[in-house]
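**Student:** The structure that follows is given in the form of structure tokens.
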Amino acid sequence: MMNYWSASAFLVLLFVGNASALTATGADSRVDLSWEAKRDVLYNVYRNDAARGSFEKINKNPHPVGVYSDFTGKNGRVYYYKVSEIVGEGKERFIAPKPVSARTRQMEDAELVTSIQEATFRYFWDYAHPVSGMTRERYFGNFDGCASGGTGFGVLAVMIGAERGFVTRTEAAERLLTIAKFLEKADRYHGAWAHWINGSTGKTIRFSKTDDGADIVETALLMQGLLTVRQYFDQDNPVEKELRETITRLWETVEWDWFYKEPYMVWHWSPNYGFEKNLKVRGYNECMIVYLLAIASPTHPIPAEAYYEGWAGQPNYANGKKHYGITLDVGRHMGGPLFLSHYSFCCFDPRGIRDKFTNYFKNAQAITKIHRAYCKDNPGDFKGYNGLVWGLTACYTPDGYRACEPGGKHDNGTIAPTAALGSMPYTPKESLATMKYFYHELGDRLWGPFGFYDSFNPDRDWFADGYLAIDQGPIIVMIENARTGLCWKNFMKNPEIVPTLKAIGFERDE
């Protein structure tokens, strides 16, 4: 069999197809291509400076999805493209008889930010599982491997796509209803979902030996997204009405109290191993949303006291130390990986309120500023770290997947765009400057079909060539929160949320 991944493979080109199947759109320093992709088909992309003449293949490996982003680094130029599908041994077939073209053009900041959001949106729309609409765990991996937490980010991305006109409201609502109905039929354990779900069958994909059942943290990340879209899609039509009703059923059948072993929530439950894994959900980390939703549940609540006794009951929950002149109220060491400051605040709006420890918006702002100051200081002497290249979090690295954070062995020189871009509500000016630097200065290696690739390590001249759902999610979601507060506004509209915060003891904090 021909190795289609080999650059030396000889291919015979055929010319058939529908001209409307391929479109090209010019953007700042790049051209975005879109076509109607077929399942299990790989594609090649060709570019030329003219409609005639020799076209050069520009994709390194055969491309599996119907979107491609060609970062040229130049503006005011017209580029021409052809796309072919690989149809057999040594054969390709162009999907359109004529090339398409587009002109690159400079964009102002607001338009560029929207363009980056739209590119990120494509991960959750074009790369979504074709059967269920669920969000795939990573690109490029197991075809059916979907993540429940990643899908929580995915439904938020679809909502943002509707709001910004990337797709129509009707298209978005229909996609979300497909996801919600699939989740009703998928494997559930006392109402909770597994970390990994087969996007075709709904069956659990084992995460580890004893993690073959419910994951209450992933369930919370999924549920916060569903509750947010429940409030956004409020029109009186059959699709949106059914969407709201389905989400309400999902919400009311999660047995949060089953996972409560006083005073803690427990992360996992397995039909084969029970609570044997016994990982307690306690702060400070990314899991605050678990306690907020568990206390808020209208059908299976846990006591409000669990917030302080379980989640915030650890002796080291409060920090109080200063780093680079910045006080950190809550959190480990120098704040930990930045995803800890993103996940629970994608939907829960922490602004203007505080518990007895801190205002969590200000605390996340402090952590973000510490990260940037750390990279400017660069105690590890890593190449590339500065006031524009900063932000450590869990991501792909040259040493494998790793939770990077400031200080010592936890930092190997890897920067993830999601860290700074997901912090845009906290440091809008600094995050925007970093986003523009990543785009304009590193885009030739850091930009791909779904926006910024997961990570890069300038010290080792390494760039990831893949994506992770849980890293893509905070980019589009937190940028939107910084711009309009869309996810925050709609989550906080849920009638269960404000009473929960009052029951816990949150107070106003200007």
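FYI, it's all coordinate maths here, none of it is from the lab. Computed from a predicted structure; not experimentally measured. Every residue, glycine among them, receives a Cβ derived from its backbone with ideal geometry; neighbour counts consider all protein chains shown.
**Student:** On a full-extension model of 0.36 nm per residue, what is the gain between Phe143 and Glu108, subtracting their alpha-carbon distance, rounded to one decimal in nm?
**Tutor:** 8.9 nm
**Student:** 5 Å is the cut-off here: which amide hydrogens, built 1.01 Å from N in the peptide plane, fall below it relative to Lys91, excluding neighbours closer than 5 in sequence?
**Tutor:** Val12
**Student:** What is the dipole size for the chain, taken about its Cα centre, with +1 at each Lys and Arg Cβ and -1 at each Asp and Glu Cβ, in debye to the nearest 20?
**Tutor:** 780
**Student:** Another question about this same structure. Kindly provide the trypsin sites (Lys or Arg not before Pro) of the range 238-345 that DSSP labels as loop, not H, G, I, E or B, and whose Cβ sees at most 14 other Cβ atoms within 10 Å.
**Tutor:** Those satisfying the criteria are Lys321.
**Student:** Related question: Per residue of the range 335-348, in order, report the coupling 6.51 cos²θ - 1.76 cosθ + 1.60 (Karplus, θ = phi - 60°) as ³J(HN,Hα) in whole Hz, putting x for Gly and Pro.
**Tutor:** x, x, x, 5, 4, 5, 9, 10, 4, 6, 10, 6, 10, 5
**Student:** What residues have an amide H closer than 5 Å to that of Gly331, excluding those fewer than 5 places away on the same chain, when H is modeled at 1.01 Å from N in the peptide plane?
**Tutor:** Asn319
**Student:** Can you work out the Karplus-derived ³J(HN,Hα) for every residue in the range 468-485? Use 6.51 cos²θ - 1.76 cosθ + 1.60 with θ = phi - 60°, whole Hz, and x for glycine or proline.
**Tutor:** My calculation for the range 468-485 gives 10, 4, 6, 9, 5, x, x, 4, 5, 6, 6, 4, 5, 4, 5, 7, 9, x Hz in order.
**Student:** I'd like the distance separating the alpha-carbon centroids of the range 394-457 and the range 179-221, in whole Å.
**Tutor:** 29
**Student:** So what is the relative contact order for the range 111-508, in percent, with contacts set as C-alpha pairs under 8 Å and at least six apart?
**Tutor:** The normalised contact order for the range 111-508 reaches 17 percent.
**Student:** If R₀ is 25 angstrom, what is the calculated FRET efficiency for the pair Thr248 and Met492, using the beta carbon separation as r and rounding to 0.05?
**Tutor:** Calculated value: 0.90.
**Student:** Round to the nearest 10 and give me the degree value, 0 to 90, for the angle of helix 238-252's Cα axis relative to the longest principal axis of the chain.
**Tutor:** For helix 238-252, the angle is close to 40 degrees.
**Student:** If we count every other residue with Cβ under 13 angstrom of Tyr139's Cβ, Lys/Arg +1 and Asp/Glu -1, where does the sum land?
**Tutor:** Net charge around Tyr139: -2.
**Student:** Which is farthest toward the positive dipole end of the chain among Leu432, Ala306, Gly90, measuring Cα position about the Cα centre, with Cβ charges +1 (Lys, Arg) and -1 (Asp, Glu)?
**Tutor:** Working it through, the farthest residue towards the positive pole turns out to be Gly90.
**Student:** Quick check: the angle from helix 360-377's long axis to the longest principal axis of the chain, C-alpha only, nearest 10 degrees?
**Tutor:** 50
**Student:** How much FRET efficiency would the formula 1/(1 + (r/R0)^6) give for Arg206 and Glu56, where r is the Cβ-Cβ distance and R0 is 45 Å, rounded to 0.05?
**Tutor:** 0.55
**Student:** While we're looking at this one, here's another question. Per DSSP helix of 4 or more residues, -39500 (n - 2.57); summed, then divided by the residues of the chain. What does that give at 222 nm, rounded to the nearest 500?
**Tutor:** The per-residue figure over the chain is -10500 deg cm²/dmol.
**Student:** A further question follows. Obtain the nm distance between the two label points defined at Glu262 and Asp465 by a simple spin-label model: each point lies 7 Å from its Cα along the Cα-to-C-beta direction.
**Tutor:** Using points 7 Å along Cα→Cβ, the separation is 5.6 nm.
**Student:** If we count other beta carbons within 10 Å of each Cβ, what is the order of Cys375, Cys287, Cys146, fewest first?
**Tutor:** Ranking Cys375, Cys287, Cys146 by Cβ neighbours within 10 Å, fewest first, gives Cys287, Cys375, Cys146.
**Student:** By how many nm would the segment from Tyr324 to Glu184 grow when fully extended, if each residue of separation counts as 0.36 nm and the alpha-carbon distance is taken off?
**Tutor:** 45.5 nm is the gain from fully extending Tyr324 to Glu184.
**Student:** Counting Lys and Arg as +1 and Asp and Glu as -1, each charge on the Cβ, what is the dipole of the range 53-205 about the Cα centre in debye, to the nearest 20?
**Tutor:** Taking the Cα centre of the range 53-205 as origin, the dipole is about 300 debye.
**Student:** Another question, then. Arrange Thr418, Thr72 by Cβ neighbour counts within 10 Å, fewest through most, would you?
**Tutor:** Least to most surrounded, the residues fall as Thr72, Thr418.
**Student:** Continuing with the same structure: Going by amide H atoms built from the backbone, whose H comes under 5 Å of the H on Ser69, apart from near neighbours?
**Tutor:** Here Leu33 satisfy the definition.
**Student:** Moving on. When Kirkwood radius over Cα pairs in Å is calculated directly from the model, which label among [x] 23.7; [y] 27.6; [z] 33.0 fits?
**Tutor:** Checked against the structure: label [x].
**Student:** Can you compute the radius of gyration and Dmax for the range 135-208, using only the Cα atoms, both in Å?
**Tutor:** For the range 135-208, the Cα-based Rg and Dmax read 12.9, 40 Å.
**Student:** Between Gly335, Gly274, Ala296, whose Cα lies farthest towards the positive end of the dipole of the range 229-339 when Lys and Arg beta carbons carry +1 and Asp and Glu beta carbons carry -1, centred on the Cα centre?
**Tutor:** Gly335
**Student:** With only alpha-carbon pairs counted, each pair once and no self-pairs, how large is the Kirkwood hydrodynamic radius of the range 405-510 in angstroms?
**Tutor:** 15.9
**Student:** Using θ = phi - 60° and the Karplus relation 6.51 cos²θ - 1.76 cosθ + 1.60, list the HN-Hα couplings for the range 54-62 in order, rounded to whole Hz, with x at every Gly or Pro.
**Tutor:** My calculation for the range 54-62 gives 7, 9, 9, 5, 10, 8, 5, 10, x Hz in order.
**Student:** Using Cα atoms only, what is the angle between the long axis of helix 428-446 and the major principal axis of the chain, expressed in degrees (0 to 90) to the nearest 10?
**Tutor:** Helix 428-446 sits at roughly 40 degrees to that axis.
**Student:** Let me have the relative contact order for the range 12-106, percent, based on Cα pairs under 8 Å that are six or more residues apart.
**Tutor:** 42
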